[in-house]
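Each value in this text was obtained by applying a stated rule to the coordinates, not by laboratory testing. All values derive from a computational prediction rather than experimental measurement. Positions of Cβ are generated from backbone atoms using ideal geometry, with glycine treated the same way; all protein chains shown enter the neighbour counts.
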Amino acid sequence: MTKALKRAGAPLLLLAPSLILVGIFVYGLIAVNFGTSATDIHTAAQTTGREPSGTVWFDNYLDLLGSEAFQHSLKNLLLYTVLFLAGTLLIGFVWAWLLESPIKGEGIFRAVYLFPMAVSFVASGVVWRWLLNSGQDESATGLNRLFQMVGLDFMQNNWWNNVDYGITAIAIPAIWQLSGYVMALFLAGFRGIPYELREAARVDGATTWQLYRHVLFPQLSPIALSALIIIGHMSLKSFDLIMSISKPANYQTKVPAVDMYIFKSSFDYANAAAVGSILLVIVALVVVPYLIRTNRKEK
Amino acid sequence: MVAGSVIAALSLSACSGSSNNEGGGGGGEGGSDEVEVFTWWAAGSEKAGLDALVGVFDEQHPETEFVNGAVAGGAGSAAKDLLQSRLQASDPPDTFQAHAGAELQDYINAGQIEDLSSLYDEFDLREAFPADLVDRLTQDGKIYSIPSNIHRANMLWSNSAVLQDNGIDPNRTYNSLDEWFEDLDALQDAGVTPLSVATAWTQVHLLETILLSDLGAEGYNGLWDGTTDWESSEVTAALEDFERAMSYTNSDRDGLDWPEATQMVIDGNAAFNVMGDWAIAAFEEQGKEYGTDFAAVPVPGTDGVFDFLADSFTLPVGAPHPEGAHAWLETISSLEGQTAFNAAKGSIPARTDADPADFSEYQQSAMESFGQDTIVSSLAHGAAAPVATLNAITDATSKFTTGASDLDAFQSELAAATAAN
């Protein structure tokens, strides 16, 4: 027993500060958040204790999930995530594939594709807000104006101002920004495959397509999964890009993160906490299976 | 690099400076050595106004140091968020800017700001401010803030050249919305954007002025004290007018904020815009002349009504330097303070004894209206309803104008938004 303690003692001591800090500031505050979401603190007076507040357990969740407005936000989040994921994975993968066979000036292409990631969502949001201006015909600017100039007038649309699918227009800048990152992931994956495997396949008489289909692509699946998780959880947390293109009060682009912001700024802490918890649960649904899977593999 | 180290040095010295002073204040000197004034006046005419005010403050209270706690960004939303956190953490500034009226309700209910009624007697403000205004500021017999300036929200701005080109008298005033809609129809037929509007809050601003026009001052006030029924047919008619007004507006509205919508009128890309009287700064900055290049009249059907909003200052509970705050409140409510501030900011003094000669032509006309019109409280600017109600109304309006709900649903959502509080 003492022996075991001795062996574990030093590492534990070393880890203790970060364990304690993470325990308080991550898990402790998550617990506080869940606690707040189970109360009826909907006004400023209740937060300072001037008016009584009580525990309502899951009422806030039921109210939120039952409200049409929050369902609209969830639907927007789903649409946004699906398009964002599909777009970045597809474009990132194709770029990586194209760059995979060594070509002249590869470094330049890589830099060009990866560059948008260096720009913050807020900064690119300001530019895309202008590009995605919904004015058409005479008042057109941004992309709509570009379509006019090249004679593609029919492509003009009101972008994110469509109340049903508007949110997908905001996925366009998100895809623009992160495709390069997914490309870099896939490119690293391609480069990580030993050259001998390709040679062996060639010796066995595989065509280029067969080489990709049966030798290279299967080895990329862990990369694809990582990309899916990284982009997926970024999408669920999307707030800054949406806020800098649209406004928090615009109904057409509302997502849960925006709802949380609005609840918080109207002193409705219980509902803000409930939205936060819902987001946390959704992210956990995506990330936890992945963590379990990688954990198993390492064992 | 150099800039970075300079900023670092400045912020270091600022920190040490304030902590020293706090130490002194806490040491029993009564806290009159400094005052931290929390505002969102960080740029443009607002910053100029604040600077002018500080000039007067330094003269009147040389012993008290002014500490600028301005937070820039988001038309005050960044500042309000920070303020909320600071109040929750019991770390209030000595005084903070807030819209006078119902926006203060949350702070009052939470017990975060002090009753200032005694200061109104001490500074003789009940005589200096119009009785209507003092009524509007009073809640349960107490007044929690002192206004530094007054703005008028129900103004209709127009581009004179655009109107003239389409055969409309640029200085025409309208008695009713219907008269105005006829001109808007004519403009639309001529291919001009008749009315520019921007994102959700400006749509609420437009909605508020149309409610005011159709219901009259009394009916409009009733919306906030419960005597006017939101489900009534009069409100339905007003919402129909709002729907019609929105049909004349630019399609890219949700992507714009008020300066861009006003710019459309300045540039002649739109004929009309409904905005508060701060819009005049945008016209004048670009060399446009009031009366010749542009006109400003009350929103049709609201002549004789002054839809007011005001910036005002408070005394938070537990302010570290209450005497500093007292000095600041004295300056902002004094004739000199109000004159200096409003001449620079473009708004008008809340005091009725200010000399019109110190102000511009437009301000003079606004001061005259303020002295004689019926005063009502603005919804979009926090005077008429608490924050949560305003947020719910904004949501419902955005939903309606993007086409996600119909008029019936809109009306019942508005009714629900006001019933909740």
Discussion item. Treating only the Cβ of Lys, Arg, Asp and Glu as charged (+1, +1, -1, -1), what charge dipole size does the range A:1-120 show about its Cα centre? Round to the nearest 20 debye.
Written reply: 800
Discussion item. Below 17 Å, Cα to Cα, which lysines can B:LYS399 reach? Residues fewer than 8 away in the same chain don't count.
Written reply: A:LYS75, A:LYS247, A:LYS254
Worksheet item: Using θ = phi - 60° and the Karplus form 6.51 cos²θ - 1.76 cosθ + 1.60, what ³J(HN,Hα) does each residue of the range A:277-293 get, whole Hz, x for Gly and Pro?
Response: 5, 4, 4, 4, 5, 4, 5, 4, 4, 7, 7, 4, x, 5, 5, 4, 4
Worksheet item: In nm, to one decimal, how far is the modelled label at A:LYS297 from the one at B:THR352, with both set 7 Å along Cα→Cβ?
Response: 7.8
Discussion item. Compute a Gaussian network model of chain B, connecting alpha carbons closer than 10 Å, and tell me which residue from B:ALA153, B:ALA310, B:ALA343 fluctuates the most.
Written reply: B:ALA343
Worksheet, complete the sentence: As a percent rounded to 5, the proportion of antiparallel DSSP bridges among beta bridges in the protein assembly as shown is 60
Practice prompt. Counting other beta carbons within 10 Å of each Cβ, put B:TRP278, A:TRP130 in order, fewest first.
Written response: A:TRP130, B:TRP278
Worksheet item: Rounded, prolate or oblate: which fits the range B:286-421 when a ≥ b ≥ c are the square roots of the eigenvalues of the alpha-carbon gyration tensor, with rounded for a/c under 1.5 and prolate only if a/b beats b/c?
Response: oblate
Worksheet item: In chain B, what % of DSSP beta bridges are antiparallel (nearest 5)?
Response: 60
Worksheet item: Which order results if A:LEU64, B:LEU212 are arranged by neighbouring Cβ count within 10 Å, fewest first?
Response: A:LEU64, B:LEU212
Worksheet item: Which residue fluctuates the most in chain B, going by a Gaussian network model with Cα springs under 10 Å, if the choices are B:ASN68, B:ASN273, B:ASN159?
Response: B:ASN68
Worksheet item: Between Rg and the Kirkwood Rh of the protein assembly as shown, both from Cα atoms, what is the Rg to Rh ratio?
Response: 1.02
Item to complete: Using Cα centres only, tell me the gap between the range A:223-283 and the range B:252-316 in whole Å.
Response: 34
Worksheet item: For the range B:343-421 and the range A:48-84, what is the separation of their C-alpha centers, rounded to whole Å?
Response: 29
Worksheet item: Out of every Cα pair in chain B, what percent are spaced more than 38 Å from each other?
Response: 23
Worksheet, complete the sentence: Most exposed first, judged by fewest Cβ atoms within 10 angstrom, B:VAL37, B:VAL235, A:VAL56 run A:VAL56, B:VAL235, B:VAL37
Discussion item. Over all directions, how big on average is the projection of the convex hull of the alpha-carbon atoms in the range B:118-174, in square nanometres?
Written reply: 6.0
Practice prompt. Measure nothing but the geometry: give the 0 to 90° angle between the long axis through the Cα atoms of B:44-60 and the longest principal axis through the Cα atoms of chain B, rounded to 10°.
Written response: 40
Worksheet item: Mean residue ellipticity at 222 nm from the helices of chain A, using -39,500 (n - 2.57) per DSSP H segment of n ≥ 4 over the full residue count, to the nearest 500 deg cm²/dmol?
Response: -22000 deg cm²/dmol
Worksheet item: For the range B:178-209 and the range A:144-201, what is the separation of their Cα centres, given in Å?
Response: 39
Item to complete: Search the structure for amide H atoms under 5 Å from the amide H of B:ALA270, placed 1.01 Å from N in the peptide plane, and list their residues when 5 or more places away or on another chain.
Response: B:VAL265
Worksheet entry | Theoretical FRET efficiency, 1/(1+(r/R0)^6), r = Cβ-Cβ of A:LEU12 and B:THR138, R0 51 Å, to 0.05 | 0.20
Worksheet item: Considering every residue in B:110-119, what mean count of other chain Cβ atoms within 10 Å of its Cβ is obtained?
Response: 2
Fill in: For the range B:179-262: span of alpha carbons on each principal axis (Å, largest first)
41, 27, 18
Worksheet item: For B:SER377, which sequence-distant residues (separation of 5 or more, or a different chain) have an amide H within less than 5 Å of its own amide H, given hydrogens modelled in the peptide plane?
Response: B:PHE308
Worksheet entry | Using distinct alpha-carbon pairs, which all enter the 1/r mean, Kirkwood radius of the range A:14-56 in Å | 12.0
Discussion item. With 18 Å as the cut-off, how large is the P(r) tail for the range B:53-151, expressed as percent of Cα-Cα pairs?
Written reply: 56
Response to the item:
Placing each pseudo-label 7 Å from Cα in the direction of the beta carbon, B:ALA131 and B:SER251 end up separated by a distance in nanometres of 5.3
Worksheet item: Once the Cα gyration tensor of the range A:143-185 is diagonalised, what are the square roots of 5 times its eigenvalues, in whole Å and ordered largest first, as equivalent ellipsoid semi-axes?
Response: 24, 16, 6
Practice prompt. Please work out whether chain A counts as rounded, prolate or oblate from its C-alpha gyration tensor, where a ≥ b ≥ c are the square roots of the eigenvalues and a/c under 1.5 means rounded, while otherwise a/b larger than b/c means prolate and anything else oblate?
Written response: oblate
Practice prompt. Using +1 at the Cβ of each Lys and Arg and -1 at the Cβ of each Asp and Glu in the range B:253-299, identify which of B:VAL299, B:GLY268, B:ALA279 lies farthest towards the dipole's positive end.
Written response: B:VAL299
Practice prompt. Please pull out the direction-averaged projected area of the range B:357-418, using the convex hull of its alpha-carbon atoms, in nm² to one decimal place.
Written response: 6.2
Practice prompt. Divide by every residue of chain B the summed helix terms, -39500 (n - 2.57) for each DSSP H run of at least 4, and state the resulting mean residue ellipticity at 222 nm, rounded to the nearest 500 deg cm²/dmol.
Written response: -15500 deg cm²/dmol
Response to the item:
Here the gain from full extension of B:ASP267 to B:GLU179, 0.36 nm per residue of separation minus their alpha-carbon distance, amounts to 29.2 nm
Worksheet item: From the phi of every residue in the range A:210-219, what ³J(HN,Hα) in whole Hz does the Karplus formula 6.51 cos²θ - 1.76 cosθ + 1.60 yield, where θ is phi - 60° and glycine or proline is x?
Response: 4, 4, 5, 4, 9, 10, 7, 4, x, 6
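About the Cα centre, and with charges only on the beta carbon of Lys, Arg (+1) and Asp, Glu (-1), how big is the dipole of the range B:237-374? Nearest 20 debye, please.
Using only the charged Cβ atoms, the result is roughly 160 debye.
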Discussion item. Considering all projection directions equally, how large on average is the shadow of the alpha-carbon convex hull of the range A:212-259, in square nanometres?
Written reply: 4.5
Worksheet, complete the sentence: Taking r as the C-beta separation of A:TYR27 and A:TYR290 and R0 as 25 Å, the FRET efficiency to the nearest 0.05 is 0.80
Worksheet item: For the residue pair A:ARG202 and B:GLU234, what label-to-label distance in nm results when each label sits 7 Å from Cα along the Cα-to-beta-carbon direction?
Response: 8.7
Worksheet item: Per 5 Å bin, what percent of the C-alpha pairs of the range A:1-90 does each bin hold, from zero upward?
Response: 3, 10, 9, 11, 12, 12, 11, 9, 9, 8, 5, 1, 0
Worksheet item: Taking 0.36 nm per intervening residue step and subtracting the Cα-Cα distance, what contour gain separates B:THR227 from B:ALA78 on full extension?
Response: 50.2 nm
Worksheet item: Which value, in debye to the nearest 20, describes the size of the charge dipole of the range B:58-119 about its Cα centre when Lys and Arg Cβ atoms bear +1, Asp and Glu Cβ atoms bear -1, and nothing else is charged?
Response: 340
Worksheet item: Which length gain, in nm to one decimal place, applies between A:HIS233 and A:LYS3 when the Cα-Cα distance is subtracted from 0.36 nm times their residue separation?
Response: 78.5 nm
Discussion item. Please compute the average number of Cβ atoms from other chains found within 10 Å of each residue's Cβ in peptide B:305-317.
Written reply: 0
Discussion item. Tell me whether the range A:119-270 comes out rounded, prolate or oblate; compute the Cα gyration tensor, take square roots of the eigenvalues as a ≥ b ≥ c, and use a/c under 1.5 as the rounded threshold.
Written reply: oblate
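Shielding by partners for A:246-258, please: the mean number of other protein chain Cβ atoms within 10 Å of each residue's Cβ. The partial results should precede the final answer.
Details: counts 4, 11, 8, 12, 11, 14, 7, 3, 3, 0, 0, 0, 0.
Whole-number average of other-chain Cβ neighbours for A:246-258 is 6.
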